[in-house]
Amino acid sequence: MSSRLFPGFPVALSIAAVLALSGCEGGPTYPKDRLTQDLQALLVEEGLTGSVHVVDHTVGVQVSQAGSLVQTPDGQLALGPEFDEVLRKGIVSLHRVLLSSDADIQFYVLLLSDPSTPGATLTMVRYMDDVKRANANMLDTPEIFARTIYDVNLTGPDSVSIKDFLPSDIHLEDFLSWQLSRRIQARLGEALESSGTVTVGRVGGQFENGEFVFTLDLTPASGDKVDDATLEKAFKNSTEEIAKVLSSYNFNQFDAVRLVHPMTGRHMLLPKAQLRLFQ
């Protein structure tokens, strides 16, 4: 089964930006030693069937709700009629607890599934510092959406649990590599596809041995190889996007950035100091 998010998905952007109020004075409303129980109780209050799993500085919430996701006759995965409401309730519950707790939670994962589509899930990952900045009106809706990782996962007929999906803590460098791969792909699509000479595919991103490595999928529309001018433009746009995002996070715990285009074997290696020139 292939997957696709239908055009109705952007409607959820304003819902996804819903933020709960901070806790009251005199101590946390949701103490860290009761984080799991309190979050679970809020999900029940919202009428959601879900479970909570905490790993170090990351909290995962799995919600399985009828009407969230549907499979279309042509085998596509689409958003169901209850998607917006289920997403809103899940996010409000998470923010209500995490913004009013003394628990040191840096990331949350919301895993949404539907009993009618076993093995298919929509995942949302957020960095709590982004949530707090949005709550303080420091990030607008398009930017908080760009900083949110949405993904569709297809595991076949078997359902997946939040404990299996989240076996370990999420680290900022990994989150940034996921976010940047999506932002680079979107930017390259805008910069290159209008010419009709190349097609932009999924950008791979990972952090290893102190390097951010991004693999660019550029396919020539005519079947010829990607010309040097197009590749240079792709590298330049990618580098500018990377420099902008890493600077906005004040993230300096890396040594270099590497861009790779496997089809031509071309790559670019930029040490951290050189990357600052593109900010």
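Bear in mind that the values in this text are calculations on the coordinates, not laboratory data. Since we're looking at a predicted model, the values are computed, not measured. For neighbour counting, all protein chains shown are included, and Cβ atoms are generated from backbone atoms with ideal geometry for every residue, glycine included.
Here are some notes:
- Bridging of LYS233 to aspartates and glutamates at a Cα separation below 17 Å is possible for GLU190, GLU193, ASP217, GLU241, once same-chain residues fewer than 8 apart are set aside.
- Dividing the summed -39500 (n - 2.57) terms of all DSSP H runs of n ≥ 4 by the residue count of the chain sets its mean residue ellipticity at 222 nm at -10500 deg cm²/dmol.
- Database remark: amide H of GLY119 closer than 5 angstrom to the amide H of SER159, VAL160 (H placed geometrically; neighbours at sequence offset of 5 or more, or on other chains; Pro and chain starts carry no H).
- 5 angstrom amide H check on THR199, placed H, neighbours 5+ away: THR219, ALA221
- From most to least packed by mean Cβ count within 10 Å, the peptides 246-257, 180-191 give 180-191, 246-257.
- In this structure, the amide hydrogen of LEU139, modeled 1.01 Å from its nitrogen in the peptide plane, lies closer than 5 angstrom to those of ALA134, counting only residues at least 5 positions away or on a different chain.
- Across the cross-link table entries LYS132/LYS244; LYS132/LYS236; LYS89/LYS244, which are compared at the Cα atoms, the separations over 27 Å belong to LYS132/LYS236; LYS89/LYS244.
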